[in-house]
1. Rg and Dmax of chain B, Cα atoms, in Å?
2. Return the Cα extents of the range B:22-65 along principal axes one, two and three, sorted largest first, each rounded to a whole Å.
3. Which GluC sites (Glu not before Pro) does the range B:265-372 hold that lie in a coil by DSSP with at most 10 other beta carbons within 10 Å?
4. In peptide A:90-102, how many Cβ atoms from other protein chains are near each Cβ within 10 Å, on average?
5. What is the order of A:Ser58, B:Ser8, A:Ser53, fewest Cβ neighbours within 10 Å to most?
6. If N is the number of residues in the protein assembly as shown, what value comes out of its Cα radius of gyration divided by 2.2 N^0.38 Å?
7. In whole Hz, what ³J(HN,Hα) sequence does the range B:148-165 give by Karplus (6.51, -1.76, 1.60; θ = phi - 60°), x for Gly and Pro?
8. Only Cα pairs under 8 Å and at least 6 apart count here; give the relative contact order of chain A as a rounded whole percent.
Amino acid sequence: MDDKNSESRPPESAANVIVEFRHVHKWFGDFHVLRDINMVVGRGEKIVVCGPSGSGKSTMIRCINRLEVHQEGTIIVDGTALADDTRKIEEVRRGVGMVFQDFNLFPHLTVVENLTMAPVYVHGIPEDEAERQAFELLERVKIPEQAWKYPGQLSGGQQQRVAIARALMLKPKVMLFDEPTSALDPEMITEVLDVMVELAEAGMTMIVVTHEMGFARKVADLMVFMDDGEIIEAAPPDIFFENPKSDRTKLFLSQILTH
Amino acid sequence: MGRPQTVSSAIVVSAPRRPPPVRETGIVAWLRSNFFNNIHNSVLTLLAAWALLVTLPGFISWAVTEAVWLTDDPKVCRTAAGACWAVIAEKHRVMLFGTFPYDEHWRGVLVIAIVIGLSVVSGFKRFWSYWLFAAWLVAMGVILVLQLGGVFGLRETGTHEWGGLPLTLIMFVGTVVGGLPIAIFLALGRRSNLPVIKSLCIGMIEITRGVPLITVLFMASLMFPLFVPEELNIDKVIRAQIGMILFFGAYAAEIVRGGLQAIPRGQYEAADAAGLTYWEKTRKIILPQALRIVIPALMNDIIRAFKNTTFVSIIGLFDVLGATATALEDPLWVLYAPEAYMFIFVLYFCFCFSMSKYSEHVEHDLAKGRNF
Ligand SMILES: Nc1ncnc2c1ncn2[C@@H]1O[C@H](COP(=O)(O)OP(=O)(O)OP(=O)(O)O)[C@@H](O)[C@H]1O
Ligand SMILES: [Mg+2]
C-alpha cells in the first residue's frame with residue numbers, strides 16, 4: 001500500500017513475513033544492549049531465542065510490541081513499521097500476544113474477566129460472546145474449572161496457562177513468550193509446555209525466549225542464539241544442537257545441557 | 001577408604017496424627033495472657049487499675065449522679081454539684097442549625113438524614129453501581145433545594161443563613177466528592193510524560209500543600225474578591241468550598257500517587273501488550289488496584305477533611321462548632337460551655353469513628369477471595 005517503502009524491502013517480506021528486524025540497535029543510557037539485530041520471522045514459524053542472562057533476549061522481543069523502544073534501524077510487524085504514532089502502536093499490539101515470565105495477570109479481576117477485559121473494551125465484542133470465547137480457550141489450556149477464581153488463588157502453572165489464554169483472546173497473529181516457564185516449579189513446567197506445543201502444532205507463529213531445549217528441539221523452525229546484544233548464531237535445531245559453528249554457542253550449550 | 005564420617009543425621013520414626021494441644025481457655029487464662037503475662041504488664045495493669053479507681057468515681061458523680069439533665073432554668077444548674085447537661089437540650093437547635101430560620105429547621109434535619117442514609121447505603125458493596133453515583137447526584141440536588149429554598153413554596157434561605165451540622169456535612173461531602181476526582185487527575189498528571197502537564201500538577205500540589213488551610217480559606221474569602229470584578233462575586237460558601245476541595249485534592253493526590261507507584265511495572269506492560277489505550281489501562285487496571293491499596297490512607301485524609309470543616313468559622317461561616325460557640329454567647333448559659341462542647345466532641349467522634357470503621361469494612365470486603 002505504501003509504494004515509497006516497498007522498494008527497500010526484500011521480496012520475501014511481502015506476504016509471508018510477520019516480523020522483521022533490520023539493523024536494529026538499542027541503548028539503555030550508554031549501554032549498547034542490542035547491536036545490529038537482523039531477523040525475519042515467517043508466518044506460522046516458530047523461533048526459539050536463547051542465550052546467557054543479560055544478553056538482550058527480553059529486550060529484543062519486547063521491541064516487537066514496543067514495550068521497549070529501539071533507537072536505530074527498522075522493525076516491521078505485519079507490514080507496519082514501528083514508529084512513535086500511538087494509534088499505530090496500539091493496533092500493532094492487538095495483533096501481538098505476549099506471555100511474561102511472571103504472568104502479570106490482573107489480580108483484581110477473575111480469570112474470566114482477565115480474558116474478556118481487552119476484547120470487550122478494545123474490540124467492542126459483546127460481553128457474552130467474549131465470555132463464550134474465554135471458556136473455549138480455558139478449555140483449550142485445560143483449566144475451565146478455575147474460571148471464577150482470582151489469579152492469586154491459582155498455582156503458577158495455572159496462572160501461566162491463563163496468561164496464554166488471555167493473550168490468545170485477541171486472536172494474535174504472533175505470540176511472544178519471554179521465559180514463560182522459568183518462574184515455575186518443575187512439575188508445572190510440563191503443563192505449560194504442553195499447552196505451548198499444542199499451540200505450535202495448531203500453526204501459531206511463535207517467538208519464544210526459553211532455555212527449555214527439549215521444547216526447542218520439538219517445535220523450533222529456527223534457533224537463535226544471542227550473546228552480549230548480538231545474534232551469534234541462527235540455525236535450524238538439528239544443526240544448532242549437533243553442529244554449532246560458534247564457540248560461544250558450544251560453550252553455552254555445554255553449560256545448559258549438563259544438568 | 002570411603003568419605004569421612006558425616007556429622008549430620010536424622011532419625012526415622014513413625015508418629016501418629018493427633019489433634020493440636022488444647023489451649024487454656026476461660027476468664028482466668030484470658031486475664032493472665034492479656035494483662036499479667038509478665039512482670040512489666042502486671043505492674044502496668046495494676047497502675048492503670050489504680051488510676052481508674054482514683055478518677056472514675058469523681059467523674060461518674062459529676063457526669064451522672066449529681067448532674068442536671070433537664071431544666072430551662074440555668075439557676076438550677078448553678079446550685080447543682082454535677083454537670084449541666086440541660087444546656088444541650090436548651091441550645092441544641094442553635095448548635096445544630098446555626099442561624100438557619102427556626103421554623104425551617106426540619107429542612108436541615110432532612111439534609112442530615114439524607115447524607116447519613118446515603119452514606120450507610122454506600123457502605124455495602126452490593127449497592128455499588130452507577131445508580132449509587134446517580135443517587136448521590138440527585139441527593140445533592142435535593143440538599144441544595146432544601147438549603148436554598150425559593151422553590152416548591154419553600155421560604156428562600158440564602159447561604160448567609162446556612163449553618164450548623166447541615167453546613168458541616170455539605171462542606172464535607174462537597175470536599176470529598178469534588179476533591180477525589182481532582183486528586184486522581186493530579187496524581188496521574190504528576191506521573192505524566194508530558195512536561196507541561198507534569199509541572200502544572202506538581203506546582204498545584206506543592207503550592208497547596210505548602211500553605212495552611214486557614215491561608216487557603218482567607219485567600220478564598222478575603223483576597224479573591226479584590227481581584228475579580230464585583231459582578232463576578234461568587235458566593236462565600238462556594239469560595240470556601242472550592243478552597244477546601246483544592247486543599248483536600250492536593251493532599252489526597254499524593255496518597256493516590258503512592259498507590260500508583262505501588263503497582264508493579266508488569267501490570268502496565270500487560271495492559272500495554274493487550275493494546276489498551278492509556279485511559280482504558282488507567283481506568284480498568286491501574287486505578288482499581290491503586291485505590292484499593294490506599295483506602296486506609298485516603299480514609300485518614302477524608303476524616304481529616306471532616307474535622308477541617310471547623311476552619312470555616314474563621315471566615316464567618318457557622319459550622320456546627322462555630323454555631324455552638326455562638327449559642328454559648330448567651331450569658332445565662334455560658335458557664336456550661338464544657339458540657340456543650342462535650343456534646344460536640346461526642347458528635348464528631350461518632351462521625352469520625354464510623355468513617356474509620358467504614359473504611360475497615362470496605363477493605364475487608366474488597367479483600368475477600370483475593371490475595372494480592
Ligand atoms: N530498563 C533497563 N534499563 C537499563 N538497563 C537495562 C534495562 N533492562 C535491561 N537492561 C540491561 O540490558 C541487558 C539485557 O537485558 P535483557 O533483560 O534483555 O536480558 P535477557 O537476555 O533477557 O536476560 P535474562 O535471561 O536474565 O532475562 C542487561 O544487562 C540488563 O541489565
Ligand atoms: Mg529476560
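Throughout, read-outs are computed from the coordinates displayed, never taken from laboratory work. In this text the structure is predicted, and so the values were computed from the model without any measurement. Glycine also receives a Cβ, built like all others from the backbone with ideal geometry; neighbour counts cover every protein chain displayed.
1. 28.4, 110
2. The Cα atoms of the range B:22-65 stretch 47, 22, 9 Å along the principal axes, largest first.
3. Working: sites: B:Glu269, B:Glu280, B:Glu329, B:Glu339, B:Glu360, B:Glu363; in loops: B:Glu329.
Passing both the DSSP loop test and the Cβ count: B:Glu329.
4. Details: counts 7, 1, 1, 6, 4, 1, 3, 2, 5, 2, 4, 1, 2.
Mean shielding count: 3.
5. On the way: A:Ser58 20, B:Ser8 4, A:Ser53 7.
Placing the least packed residue first, the sequence is B:Ser8, A:Ser53, A:Ser58.
6. Numbers: Rg = 34.3 Å, N = 631, 2.2 N^0.38 = 25.5 Å.
The protein assembly as shown yields a ratio of 1.35.
7. With the stated coefficients, the range B:148-165 comes to 7, x, x, 10, 6, x, 7, 5, 6, 10, x, 5, 5, 8, 5, x, x, 4 Hz.
8. Details: 433 pairs, mean separation 63.2, N = 259.
Here the relative contact order equals 24 percent.
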